[in-house]
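Remarks on the structure that follows.
The values are calculated or read from the model by the stated rules, or taken from the named source; none is laboratory data. Owing to the predicted nature of the structure, the values given are computational and were not obtained by experimental measurement. Neighbour counts are summed over all protein chains in view; Cβ atoms, including those assigned to glycine, are modelled from backbone coordinates with ideal geometry.
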Amino acid sequence: MITIRLARPEDEAVLARIDARTWTSAVSPAPPPGPGTPFFGEGARPGNFLVAEHEGEVAGYVRLSTGFDIPAHRHVLVIGGLAVDPDRQRLGIGRQLVDAAVAVARQRGARKLTLRVLGHNTGARRVYERCGFVTEGVLRGEFRIDRHDVDDVLMARSLA
């Protein structure tokens with residue numbers, strides 16, 4: 001059984017482990033988190049994360065955040081990260097986290113939910129598409145990863 005809830009401060013260590021275990025250049029253009037890097041911090045508070053529990057243990061997270069901090073953009077929320085423990089992948093946890101993020105975004109009054117995903121991350125793109133996201137744009141060669149140009153795909157879902 002999978003349950004989704006808001007993150008709590010005591011989730012920090014397990015979320016940091018999941019983050020470290022799932023980081024690869026296939027999923028992030030940023031450098032990997034260093035040992036001991038705090039998971040929560042400025043702009044990444046527990047209230048910004050939904051956590052999935054599988055069989056009573058934290059199995060993954062999705063981060064919801066605001067986009068541009070201007071009045072004209074307040075109707076948009078952003079999925080700024082999604083990770084599922086490698087030992088618990090392929091159980092539908094990622095999809096349930098995205099579906100929960102959509103529901104929470106609606107509860108918070110958002111009319112649009114956006115995200116960015118690397119072009120070669122086809123698994124994540126399929127999950128997002130199954131959850132109703134569409135590609136709104138592609139920044140070709142936006143990142144240089146492992147000596148290859150990698151596209152940044154902008155995806156969104158209307159919540160209206």
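Quick one: would you say R90 is farther than 20 Å from F39 by Cβ, in a loop (DSSP other than H, G, I, E, B) and among the charged types (D, E, K, R)? For R90, the condition - farther than 20 Å from F39 by Cβ, in a loop (DSSP other than H, G, I, E, B) and among the charged types (D, E, K, R) - is met. Among residues of the stretch 125-160 being modelled with pLDDT of 95 or more and among the small types (G, A, S), the one that is surrounded by the most Cβ atoms within 10 Å (Cβ to Cβ) is A156. Looking only at residues of the stretch 36-73 that are assigned to a loop (DSSP other than H, G, I, E, B) and either touching a Cys at 6+ places or on another chain (Cβ under 6 Å) or free of Cβ contacts under 8 Å to residues at least 12 places away in the same chain (or both), we find that the one that is surrounded by the most Cβ atoms within 10 Å (Cβ to Cβ) is R45. Considering the conditions (1) closer than 26 Å to L154 by Cβ; (2) in a helix (DSSP H, G or I), S25 is excluded by exactly one of them, (2). Pairing residues of the stretch 132-151 that are farther than 20 Å from T114 by Cα with residues that are hydroxyl-bearing (S, T, Y) and surrounded by 15 or more Cβ atoms within 10 Å (Cβ to Cβ), at Cβ distances under 7 Å and at least 6 apart in sequence or on separate chains, gives I145/S25; D146/S25.
Look at A100 and say whether it is closer than 16 Å to E53 by Cβ and in a strand (DSSP E or B). Answer is no for this residue. Going by what's in this entry, would V27 be described as buried (at least 17 other Cβ atoms within 10 Å of the Cβ), under 12 Å from the mean Cα position of the chain (by Cα), closer than 23 Å to V138 by Cα and at pLDDT below 95? Yes, satisfied. Here the stretch 74-86 is the region considered, the condition is being surrounded by fewer than 19 Cβ atoms within 10 Å (Cβ to Cβ) and part of a loop (DSSP other than H, G, I, E, B), and the residue that is modelled with the highest pLDDT is H75.
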